[in-house]
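Notes follow the structure.
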Amino acid sequence: MEHTDEMSQLRQRVRVLEERIQGLRASRRILMNLLAAQEREKRSRIQRLEQENVRLQQRNSRFAREVLDRNIRIIRLQESVRRSEEEIG
């Protein structure tokens, strides 16, 4: 009888451990899915930031060209005014 009780307890213990293993496997799958989702979001965010960086660099380049062009125009106008003053003076 004692042997049967021990076998019954061992079987019960095996069932409990198997259930815990199943729970751990489910938890692992959930964690892996969450990690994969985070990785996808991270890649997506990096891609958006890289695109924004390119767009800002292009805007900055256009702005720098416009500033340079305006400075050239200002210098030419100043030279023109100076020449006109020399011709008058």
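Before we move on, is residue 27 among the hydroxyl-bearing types (Ser, Thr, Tyr), part of a helix (DSSP H, G or I), more than 40 Å from the chain's Cα centre (by Cα) and surrounded by 10 or more Cβ atoms within 10 Å (Cβ to Cβ)?
Working: among the hydroxyl-bearing types (Ser, Thr, Tyr): yes; part of a helix (DSSP H, G or I): yes; more than 40 Å from the chain's Cα centre (by Cα): no; surrounded by 10 or more Cβ atoms within 10 Å (Cβ to Cβ): yes.
Considered against the rule, which asks whether it is among the hydroxyl-bearing types (Ser, Thr, Tyr), part of a helix (DSSP H, G or I), more than 40 Å from the chain's Cα centre (by Cα) and surrounded by 10 or more Cβ atoms within 10 Å (Cβ to Cβ), residue 27 comes out as no.
In region 62-82, is there at least one residue being part of a helix (DSSP H, G or I) and surrounded by fewer than 10 Cβ atoms within 10 Å (Cβ to Cβ)?
no
Computed from the coordinates by the stated procedures, all read-outs in this text should not be read as laboratory data. This structure is a prediction, so every number in the text was calculated from the model and none was measured. Ideal geometry is used to build each Cβ from the backbone, glycine not excepted, and the neighbour counts take in all protein chains shown.
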